[in-house]
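Input: a single structure, listed below in structure tokens.
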Amino acid sequence: MIKVLFLCTGNSARSQMAEVLLNKFGKGKYVAKSAGSAPKDEVDPHTMKVIEHSGYDVTSLKPKSMDQFIDEEFDLVITLCDKMKEECPVFPNKPIYAHWGMPDPVAFEGSEEEKNAYFSRTFQEISHRIHLLLNVKIDKTEREAIEKELGEIASTWKYLR
């Protein structure tokens, strides 16, 4: 089982989406968790809406602090915001790190309809990247090649640009 931790500052949008998607599509091979350096009190309502609208269970979603995972061993740690990339802690078993920086949908300003559309595009973008991740052969003996391939996923913009 490949253990993945997705990190964002607030753990209220992007990292929650990534956790749900990888647990769904990587079931049996991957187990994903998400956390933040300064977790919000609740998952953003637009995030909940887009995840639930896509047919996923949202009842167990809640922001979590990365501190609760600091002693846990992960194979991959993926940051989804630039601030988190700078604050990312060092995990004990030396996981492979990747940065998939993307705009925070919570910061998007617009009408309710525009916000819903932006959150939906963010969800689609993360889904696209998760599917690319599922095609990466994760073998710690080829660490540099995996890091390169995971880094290249960040440069694939399909829905947000």
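FYI, it's all coordinate maths here, none of it is from the lab. Here the structure is a predicted model, which is why all the values come from computation and not from measurement. Methodologically, a virtual Cβ is constructed for each residue, glycine included, from the backbone with ideal geometry; neighbour enumeration extends over all protein chains shown.
Can you tally the lysine pairs in segment 45-113 where the Cα-Cα distance is under 21 Å and the two residues are eight or more apart, or on different chains?
7
Can you list residues whose amide H is under 5 Å from ILE2's amide H, if they're 5+ apart or on another chain and H is modeled 1.01 Å from N?
Result for ILE2 returns TYR30, VAL31.
Over the Cα atoms of segment 2-154, what Rg and Dmax result, in angstrom?
Looking at segment 2-154, its Cα Rg and Dmax stand at 14.6, 48 Å.
Contour minus end-to-end for SER155 and GLU114, with contour as 0.36 nm per residue of separation and end-to-end as the Cα-Cα distance?
12.3 nm
Short version: ³J(HN,Hα) in whole Hz for each residue of segment 103-119, in order, from phi by Karplus 6.51 cos²θ - 1.76 cosθ + 1.60 (θ = phi - 60°), x for Gly and Pro, what are they?
My calculation for segment 103-119 gives x, 7, x, 5, 7, 5, 10, x, 5, 4, 5, 5, 4, 4, 5, 5, 5 Hz in order.
Using the Cα centre of the chain as the reference point, and only Cβ charges (+1 on K/R, -1 on D/E), how large is the resulting charge dipole? Debye, rounded to the nearest 20.
Roughly 460 debye, rounded to the nearest 20.
Label points 7 Å out from Cα along the Cβ direction at ARG143 and LYS29: separation in nm?
2.3
Once you put a point 7 Å from the Cα of THR59 and another 7 Å from the Cα of LYS85, both along the Cβ direction, what distance in nm separates them?
Label-label distance for THR59 and LYS85, simple model: 3.8 nm.
May I ask you to evaluate 6.51 cos²θ - 1.76 cosθ + 1.60, the Karplus curve with θ = phi - 60°, for each residue of segment 16-33 and list the ³J(HN,Hα) values in order in whole Hz, giving x for glycine and proline?
In residue order, the calculated couplings are 5, 4, 4, 4, 4, 5, 5, 5, 6, 7, x, 3, x, 10, 10, 10, 10, 9 Hz.
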